[in-house]
Amino acid sequence: MEKLNGGCYCGAVRYQIASRPAWSGHCHCRSCQMALGGAFVTWAKVAAKDFAVTKGEIKTFQKTLGITRGFCGDCGTTLTYTAETEVEGQDWSADAWFTASTLDDPSIAEPKTHVFVSHQQPWIKLADDLPTFPEF
Ligand SMILES: [Zn+2]
Ligand SMILES: [Zn+2]
């Protein structure tokens with residue numbers, strides 16, 4: 001499998017995925033809005049075993065117990081999201097979630113959905129015809 005790379009804005013942290021993203025979608029949840037400083041964020045995921053940091057170190061932050069957001073300690077770019085426990089019947093720890101836009105080639109992680117549109121800002125107008133979900 002071809003190796004695919006990504007990293008933070010300043011280049012201090014680099015990562016590699018060993019498979020193409022199995023899922024990609026826009027998350028409009030309030031937590032992502034606050035953590036990313038944007039109206040929404042585009043997440044992608046691969047199997048946890050297929051994600052590896054190849055340069056630097058991802059710093060982590062927890063506001064909600066069990067939910068860890070990873071970022072570059074130098075430039076602040078959000079890189080990863082991990083949930084240690086089972087959430088709504090899904091074992092999130094089996095996957096590595098990362099910000100699709102930090103891939104060197106984000107086009108390989110074309111989003112297929114919008115989630116948490118119940119938190120969507122009213123000034124964001126969706127016109128891409130992707131399916132939307134009030135939560136996940
Ligand atoms: Zn950085
Ligand atoms: Zn979110």
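The values are calculated or read from the model by the stated rules, or taken from the named source; none is laboratory data. Fair warning: this is a prediction, and the values are worked out from it, not measured in the lab. FYI the Cβ positions are ideal-geometry reconstructions off the backbone, even for glycines, and counts take in every protein chain you see. To get the accessible areas, we keep the full protein, side chains included, count just its heavy atoms, and leave off ligands, DNA and RNA. Shrake-Rupley method; radii C 1.70, N 1.55, O 1.52, S 1.80 Å.
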Net charge near LEU36: determine it from the other residues with C-beta under 12 Å of the C-beta of LEU36, scoring Lys and Arg +1 and Asp and Glu -1. +2
Relative contact order in percent for the chain (Cα pairs under 8 Å, 6+ apart) equals 28 percent
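Which whole-number value in Å² is the accessible area per residue of the chain, probe 1.4 Å?
Computed with neighbouring chains in place, this is 57 Å² per residue.
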Could you check how much of the accessible area of the chain is carbon and sulfur, as a whole percent, using a 1.4 Å probe? 53 percent
Let a ≥ b ≥ c be the square roots of the eigenvalues of the Cα gyration tensor of region 11-53; is it rounded (a/c under 1.5), or, if not, prolate (a/b larger than b/c) or oblate? oblate
Suppose the Debye formula is applied to equal point scatterers at every Cα of the chain; what is log10 I(q)/I(0) at q = 0.10, 0.17 Å⁻¹? -0.31, -0.94
Within region 23-126, list the chymotrypsin sites (Phe, Trp or Tyr not before Pro) lying in a DSSP loop whose Cβ has at most 15 other Cβ atoms in a 10 Å radius. TRP123
Output the pairs from LYS49/LYS112; LYS3/LYS125; LYS55/LYS112; LYS45/LYS125 with a Cα-Cα distance over 27 Å in this structure; if there are none, say none. LYS3/LYS125; LYS55/LYS112
If I take all pairs of Cα atoms in region 24-91, what percentage of them are more than 21 Å from each other? 25 percent
How would LEU103, LEU130 line up by accessible area, probe 1.4 Å, largest first? LEU130, LEU103
